[in-house]
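Encoded as structure tokens, the structure appears first; notes follow it.
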Amino acid sequence: MSETDYETAYLREKQLRKQAEQLLEDRSRELFLANEQLKEVNSNLQEQQQIVVQSEKMASLGVLAAGVAHEINNPLGYIYSNFSSLVEGLQDIQRLLNYMDGVIAKGETAESLRDGWRNALLQFDIAYLLSDYQSLALETIEGLERVKQIVADLKSFIRQEDGEKAPVDVNDCLRGALNILNNQTKYHAQVEVDYGELPVIQGYFGKLNQVFTNLIANANQAVPENGLIRISSRLVDGWIEVAVSDNGYGISEEHMRHLFTPFFTTKPVGEGTGLGLSISHGMVQEHGGEISVKSKPGEGATFTVRLPVKA
Ligand SMILES: Nc1ncnc2c1ncn2[C@@H]1O[C@H](COP(=O)(O)OP(=O)(O)OP(=O)(O)O)[C@@H](O)[C@H]1O
Ligand SMILES: [Mg+2]
């Protein structure tokens, strides 16, 4: 090759390399831009997911609120009617006092006063009134306790918990979840509970409460009319194990893999969002714990939550 040949070849190669570099630079820029776009899409998605999770919580709160309103309405009904009876009874006592006033005004002898008093006791049936009063008062206190309990359960359910973990009694947490769901389960399933003796753990009461509420709600939705839901808690080798079992329709092998995936649901639109288990999974993980499932189609399901006593 002559010198010019070399030069042409060199120039051509240089040209080609420049083109290649330009191409590479264009591609990198495109890639960079695409990556930036992806980042933005991803962060939008994450924001949206947060919103959905929050609104799911609000939606399930809506359902709960309806149930809670119903639960409070019942004790409120009899507290109201008890107080109406108490007012009537007070009027009877007022009449008794007026009557005795009359007896005393007229009465001269101890004998006539004693007769007047005995007469009044019988006429106004004071013994019955008093025993009735007592049972009305006790029933009213019971109703108020019930309302107080519902409010306490609700408070712990919606408590914002981004702060420090605090001592939690897991059995209390289970009781709270059952109370909140009582309105849904009581006409549909039999609930058997078996609480073991548990140490207090460090955790978020509200979150664990929500986990158990989700699991029990799922069990209740899976069982047939008058189905069975079993809930137990145990301490096993430094772990608290809570099992929620049902004798419902069970889970197929194919569905098993997707259970904890956000938005996976087999329920009709409007009935399930498919977030219960994925949210629960996250919350259990926050406690250093795990959720496992055992199930066969047609043979019910058992969800077990394990929480380390020492996180
Ligand atoms: N106890 C159970 N028995 C049978 N299937 C269950 C049970 N628990 C969960 N599943 C299955 O897992 C799916 C996902 O449950 P998950 O709680 O995450 O969502 P969901 O109950 O469908 O809706 P959401 O909880 O948001 O109202 C359910 O749709 C159901 O198919
Ligand atoms: Mg659910």
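In the stretch 244-270, which residues are of a type outside the set (Ser, Thr, Tyr), closer than 16 Å to Pro224 by Cβ and either out of contact with any Pro (no Cβ under 6 Å at 6 or more places or on another chain) or not assigned by TED's automatic domain parsing to the domain that holds Gly196 (or both)? Write out each step before concluding.
Within the stretch 244-270, the subset of a type outside the set (Ser, Thr, Tyr) is 244, 246-248, 250-251, 253-260, 262-264, 267-270.
Next, from what is left, pick out any that are closer than 16 Å to Pro224 by Cβ: 246-248, 250-251, 267.
Of everything in the stretch 244-270, those that are of a type outside the set (Ser, Thr, Tyr), closer than 16 Å to Pro224 by Cβ and either out of contact with any Pro (no Cβ under 6 Å at 6 or more places or on another chain) or not assigned by TED's automatic domain parsing to the domain that holds Gly196 (or both) turn out to be Asp246, Asn247, Gly248, Ile251, Lys267.
Which one of these is surrounded by 13 or more Cβ atoms within 10 Å (Cβ to Cβ), within 15 Å of ligand 1 (Cβ to nearest atom), over 17 Å from the mean Cα position of the chain (by Cα) and touching a residue at least 24 places away in the same chain (Cβ under 8 Å): Val309, Val244, Val293? Full working, then the answer.
On the way: Val309 fails: within 15 Å of ligand 1 (Cβ to nearest atom); Val244 fails: over 17 Å from the mean Cα position of the chain (by Cα).
Val293 is the lone residue from the list that is surrounded by 13 or more Cβ atoms within 10 Å (Cβ to Cβ), within 15 Å of ligand 1 (Cβ to nearest atom), over 17 Å from the mean Cα position of the chain (by Cα) and touching a residue at least 24 places away in the same chain (Cβ under 8 Å).
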Next on the checklist: Just checking, does the stretch 176-196 include any residue being in contact with a Gly (Cβ under 6 Å, 6 or more places away or on another chain), in contact (Cβ under 8 Å) with a residue 24 or more places away in the chain, under 18 Å from Gln285 (Cβ atoms) and not in a loop (DSSP other than H, G, I, E, B)?
Outcome noted: no
Checklist outcome for this item: Asn214 meets each of (1) over 19 Å from Val309 (Cα atoms); (2) among the polar types (S, T, N, Q); (3) assigned to a strand (DSSP E or B) with one exception, condition (3)
Checklist entry - Within the stretch 296-306, how many residues are crowded, with 19+ Cβ neighbours inside 10 Å and either farther than 14 Å from Phe212 by Cα or out of contact with any strand residue (DSSP E or B) (no Cβ under 7 Å at 6 or more places or on another chain) (or both)? => result 2
Next on the checklist: Given the condition basic (Lys, Arg) and within 11 Å of ligand 2 (Cβ to nearest atom), answer yes or no: does some residue in the stretch 227-242 qualify?
Outcome noted: no
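Right, Gly274: within 15 Å of Leu215 (Cα to Cα) and either within 11 Å of ligand 2 (Cβ to nearest atom) or of a type in the set (Phe, Trp, Tyr) (or both) or not?
Working: within 15 Å of Leu215 (Cα to Cα): yes; either within 11 Å of ligand 2 (Cβ to nearest atom) or of a type in the set (Phe, Trp, Tyr) (or both): yes.
It is true that Gly274 is within 15 Å of Leu215 (Cα to Cα) and either within 11 Å of ligand 2 (Cβ to nearest atom) or of a type in the set (Phe, Trp, Tyr) (or both).
Look through Thr261, Thr273, Thr266 and report the one residue that is of a type outside the set (Phe, Trp, Tyr), more than 21 Å from Glu164 (Cβ to Cβ) and either assigned to a helix (DSSP H, G or I) or in contact with an Asp or Glu (Cβ under 8 Å, 6 or more places away or on another chain) (or both). Walk me through how you get there before you give the answer.
Working: Thr261 fails: either assigned to a helix (DSSP H, G or I) or in contact with an Asp or Glu (Cβ under 8 Å, 6 or more places away or on another chain) (or both); Thr266 fails: either assigned to a helix (DSSP H, G or I) or in contact with an Asp or Glu (Cβ under 8 Å, 6 or more places away or on another chain) (or both).
Only one candidate qualifies: Thr273.
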Next on the checklist: Considering only residues that are closer than 19 Å to Ala177 by Cα and either open to solvent by less than 30 Å² (accessible area, probe 1.4 Å) or of a type in the set (Gly, Ala, Ser) (or both), which ones fall in the stretch 274-288?
Outcome noted: Leu275, Gly276, Leu277, Ser278, Ile279, Ser280, Gly282, Met283, Val284, His287
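Right, Ile51: modelled with pLDDT of 90 or more, of a type in the set (A, V, I, L, M) and either under 24 Å from Thr213 (Cβ atoms) or open to solvent by less than 80 Å² (accessible area, probe 1.4 Å) (or both) or not? Can you show your working first?
Working: modelled with pLDDT of 90 or more: no; of a type in the set (A, V, I, L, M): yes; either under 24 Å from Thr213 (Cβ atoms) or open to solvent by less than 80 Å² (accessible area, probe 1.4 Å) (or both): yes.
Considered against the rule, which asks whether it is modelled with pLDDT of 90 or more, of a type in the set (A, V, I, L, M) and either under 24 Å from Thr213 (Cβ atoms) or open to solvent by less than 80 Å² (accessible area, probe 1.4 Å) (or both), Ile51 comes out as no.
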Next on the checklist: Pull out all pairs, ordered by first then second residue, where Cβ-Cβ is under 9 Å, the residues are six or more apart or on different chains, the first lies in the stretch 265-285 and is within 6 Å of ligand 1 (Cβ to nearest atom), and the second is of a type in the set (D, E, K, R) and part of a loop (DSSP other than H, G, I, E, B).
Outcome noted: Thr265/Glu271; Thr273/Lys267; Gly274/Lys267
Checklist entry - Being farther than 30 Å from Thr261 by Cβ and either open to solvent by less than 100 Å² (accessible area, probe 1.4 Å) or among the aliphatic types (A, V, I, L, M) (or both), is that true of even one residue in the stretch 33-46? => result yes
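Being in contact with a helix residue (DSSP H, G or I) (Cβ under 6 Å, 6 or more places away or on another chain) and more than 9 Å from ligand 1 (Cβ to nearest atom) is the requirement here; does Leu228 meet it?
Working: in contact with a helix residue (DSSP H, G or I) (Cβ under 6 Å, 6 or more places away or on another chain): no; more than 9 Å from ligand 1 (Cβ to nearest atom): yes.
Considered against the rule, which asks whether it is in contact with a helix residue (DSSP H, G or I) (Cβ under 6 Å, 6 or more places away or on another chain) and more than 9 Å from ligand 1 (Cβ to nearest atom), Leu228 comes out as no.
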Next on the checklist: Here are the criteria: (1) of a type in the set (Val, Ile, Thr); (2) within 16 Å of ligand 2 (Cβ to nearest atom); (3) touching a strand residue (DSSP E or B) at 6+ places or on another chain (Cβ under 7 Å). Tell me which single one Val200 does not satisfy.
Outcome noted: (2)
Checklist entry - Which number in (1) open to solvent by less than 50 Å² (accessible area, probe 1.4 Å); (2) within 30 Å of Ser81 (Cα to Cα) marks the one condition that Asn171 misses? => result (2)
Checklist entry - Out of the stretch 200-225, which residues are open to solvent by 10 Å² or more (accessible area, probe 1.4 Å), away from ligand 1 (no atom under 12 Å from the Cβ) and under 11 Å from the mean Cα position of the chain (by Cα)? => result Phe205, Lys207
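The values are calculated or read from the model by the stated rules, or taken from the named source; none is laboratory data. Worth saying up front: this structure is predicted, and the values here are computed from it rather than measured. Ideal geometry is used to build each Cβ from the backbone, glycine not excepted, and the neighbour counts take in all protein chains shown. All accessible areas refer to the heavy atoms of the entire protein, side chains included, with ligands and DNA or RNA removed. Shrake-Rupley method; radii C 1.70, N 1.55, O 1.52, S 1.80 Å.
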